[in-house]
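Encoded as structure tokens, the structure appears first; notes follow it.
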């Protein structure tokens, strides 16, 4: 099935019926996508503070009412428990399972955080003739743990996770300019060039996602990534948490243009 031309609501309906369970890069170009963190209320304030102290990695788009499965702002009526293609379950900081639906796990004390995603600016890059390699190759974006520390808050601490896109040298300034105008979906790159300078040993072995081809004349460009909270969950070990699986986002009804300066 082709997904070109479908609205975000139509794609979410396919996902809800589990007719689409793949990664979401390239779907619904022009619309913002969001990372997900679901936590028991006892951890919600600490995580809210963590996100506010680390706005480049964790730019908040919406926070739900306690116990609510349904969004009000970025995708009214979207069901957090079924409208993402794949979820990860963490218990005491350990990844215990992946699922395509979490309705049977839902609790009245859950608070959900929707965080901006760098997939949202890829449409603008493509419109400006800046290549997006993982879309070209039909892969999930490569993501890497770094040694860039996040500001701690309550129990939450950890290092930034970044996504990487290889960009031709002459197009790097354009890529920086385009993405810098969208701080609510991570904004400008955090690093350009040598991956070892931010603690990445091998670009061919991403910690999340899939490796992509880096061609001659291209430089790796790294953006803050909404998988950063998953790094914090592994280190901080809350009793229970749910996130999106890396690359499997909520597609919102918000147009990217409305997230620019």
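Every number here is computed from the coordinates shown, using simple stated rules; none is lab data. Please read all numbers here as calculations on a predicted model, not as lab measurements. Note that each Cβ is placed from the backbone with ideal geometry, even for glycine, and that neighbours are counted across all protein chains shown.
Tabulated values for the structure
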quantity	calculated
Relative packing of 112-121, 30-39, which averages over residues the other C-beta atoms within 10 Å, highest first	112-121, 30-39
Cα centroid separation, region 132-162 to region 167-203 (Å)	12 Å
At 0.692 mPa s and 37 °C, Stokes diffusion of region 79-165 via Kirkwood alpha-carbon radius, µm² per second	203 µm²/s
Helical contribution to [θ] at 222 nm, DSSP H n ≥ 4, -39,500 (n - 2.57), averaged over the chain, rounded to 500	-5000 deg cm²/dmol
Over the chain, relative contact order from alpha-carbon pairs under 8 Å, at least 6 apart, %	32 percent
Among 179-189, 126-136, 197-207, 226-236, the order from most to least packed when residues are scored by Cβ within 10 Å on average	226-236, 179-189, 126-136, 197-207
Where only alpha carbons of region 119-224 are counted, the Rg and the Dmax (Å)	13.6, 45
Alpha carbon centroid spacing (whole Å) that separates region 99-117 from region 1-79	9 Å
Shape of the chain, Cα gyration tensor, a/c cut at 1.5	oblate
Label-to-label distance, nm, for residues given as residue 95 and residue 7 (7 Å Cα→Cβ offset)	3.5 nm
Gain on full stretching of the segment that runs from residue 41 to residue 207 - 0.36 nm per residue minus C-alpha separation	56.9 nm
Taking region 86-190 and dividing mean pair separation by its residue count, relative contact order in percent (alpha carbons under 8 Å, at least six apart)	22 percent
Using a Förster distance of 25 Å, the FRET efficiency for residue 104-residue 235 (Cβ separation, nearest 0.05)	0.35
